[in-house]
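Bear in mind that the values in this text are calculations on the coordinates, not laboratory data. Everything numeric in this text was worked out from a predicted model, so none of it was measured. Virtual Cβ from ideal backbone geometry, glycine too; neighbours counted across all protein chains shown.
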């Protein structure tokens, strides 16, 4: 497991050209199944997304199979790219209506793409408690 | 032993209504709907989410469609919970703020300034008590009077201007919400 916050800013290199194509700026996740769907590369209007299946390795750099694997964010991803519904910094809300702090960090399995424990300003939350992630909150089982 | 969550109704107002399915705030609570005869909230009126100047929604959120009433949000399973009230008659509501609380011995305890509501996850067992109004916050009419919390019985005599409670409530008045759950339980135990 690697902490997501440490991956932010890591350079992204395309295997087919050996060119740096950007840097990791965020992660696209499906918290209901506890998995990474893709990675945000770059910020603002130049932000692109690469699906996690195109990532060949994560270490000192994030290597993707080809520069052509970078694509425009979908409508559903556009909010995350703009910072709305992003996991890091999100409010954590228990389904009983109690706020549990904000997401400081999350562990990620860079090989399998599984999400791990979320660290909040008030403690930790195991991934089996995740219910949904929206622009207002990461909702977890109370 | 679980701790009983008690909330002031004014604290629930302006809280977001959050969909558990999507993590989105689908509305904000505008106000509570209260039926004194039933001793519980029947639901909430709503504003669009997004601050004090967001407009009201025409649909109410019935308590039966709420997942939980919490300290930081009201949660629903999904946005359909709000639509579920559409087209149905408006829930019964009576505004008791400003009404005078009298004991059946004739003592005026004060003017209602807030409702004390049981929070938590709505459901069977203890969850069936969520939304129950277990007390009033009242302010005495004398100069310098402090606000006190008055435990309520399950049933309550209500008119348009007065609320009548048993005189035996007086030893159970408190100023501290943290102590109030015990005061309500003790008061109700000596009634039965």
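Quote the relative contact order of chain A in percent (integer), defining contacts as alpha-carbon pairs under 8 Å separated by 6+ residues.
23
Classify chain A from the C-alpha gyration tensor, please: rounded if a/c falls under 1.5, else prolate or oblate depending on whether a/b exceeds b/c. Numbers along the way, then the final one.
Values: a/c = 2.27, a/b = 1.80, b/c = 1.26.
Prolate.
Which of A:64, A:58, B:79, A:36 has the fewest other C-beta atoms within 10 Å, and how do the rest follow up to the most? Kindly include the intermediate steps, with their values, before the conclusion.
Details: A:64 26, A:58 19, B:79 15, A:36 22.
Neighbour counts put them in this order, fewest first: B:79, A:58, A:36, A:64.
What is the gain in length, in nm to one decimal, between residue A:46 and residue A:102 on full extension, counting 0.36 nm per residue of separation less the C-alpha to C-alpha distance? Let's see the in-between values first.
Values: separation 56, 0.36 × 56 = 20.16 nm, distance 2.73 nm.
Difference between extended and current length: 17.4 nm.
What is the Rg over Rh value, at two decimals, for the stretch A:2-81, using alpha-carbon atoms and the Kirkwood definition of Rh? Present the calculation step by step, with values, prior to reporting the outcome.
Working: Rg = 11.6 Å, Rh = 12.5 Å.
Here the Rg-to-Rh quotient is 0.93.
Take the Cα atoms of the stretch B:100-191, find their three principal axes, and give me the spread along each one in whole Å, biggest first.
43, 26, 24
For the protein assembly as shown, what is the per residue volume of the convex hull drawn over the alpha-carbon atoms, in cubic angstrom? Each step should come with its number before you reach the end.
Working: hull volume 53.0 nm³, N = 334.
Considering the Cα atoms of the protein assembly as shown, their hull volume per residue is 159 Å³.
Spin-label point model (7 Å from Cα, Cβ direction): what's the residue A:75 to residue B:145 distance in nm?
5.8
Considering only B:80, B:125, B:105, give the residue with the highest GNM mean-square fluctuation for chain B, with springs between Cα atoms whenever their separation is below 10 Å.
B:125
Run the numbers on the stretch A:2-81 and let me know its relative contact order in percent, using alpha-carbon pairs under 8 Å that are six or more apart. Display every interim value, and only then the final one.
Working: 147 pairs, mean separation 21.8, N = 80.
After rounding, I find 27 percent.
Pick from A:17, A:124, A:56 the residue whose mean-square fluctuation is largest in a GNM of chain A, springs joining Cα atoms under 10 Å.
A:17
Arranged by the count of other C-beta atoms within 10 angstrom, fewest first, what order do B:192, A:121, A:3, A:90 take?
B:192, A:121, A:3, A:90
Determine the calculated [θ] at 222 nm for the protein assembly as shown from helices alone, applying -39500 (n - 2.57) to every DSSP H run no shorter than 4 residues and normalising by the residue count; nearest 500 deg cm²/dmol.
Working: 5 runs with 34 residues, N = 334.
It comes out at -2500 deg cm²/dmol, rounded to the nearest 500.
Could you work out, residue by residue across A:126-134, how many beta carbons of other chains sit within 10 Å of that residue's beta carbon, and then give the average as an integer? Show your work: numbers first, answer last.
Details: counts 0, 0, 0, 0, 1, 6, 8, 3, 9.
Mean inter-chain Cβ contacts per residue within 10 Å come to 3.
Percent relative contact order of the stretch B:100-191, based on C-alpha pairs within less than 8 angstrom and at least six residues apart?
26
Would you look at the GNM of chain B, springs on alpha carbons closer than 10 Å, and say which of B:24, B:77, B:143 moves the most?
Sorting by GNM fluctuation, first place goes to B:143.
Rounded to the nearest 0.05, what FRET efficiency do residue A:82 and residue B:177 have when you use their Cβ-Cβ distance and R0 = 51 Å? Walk me through the intermediate numbers first.
Numbers: r = 40 Å, r/R0 = 0.79.
Efficiency, from the Cβ-Cβ distance: 0.80.
Let me check the size of chain B from its C-alpha atoms; what are the radius of gyration and Dmax in Å?
Cα-based Rg and Dmax for chain B come out at 16.9, 52 Å.
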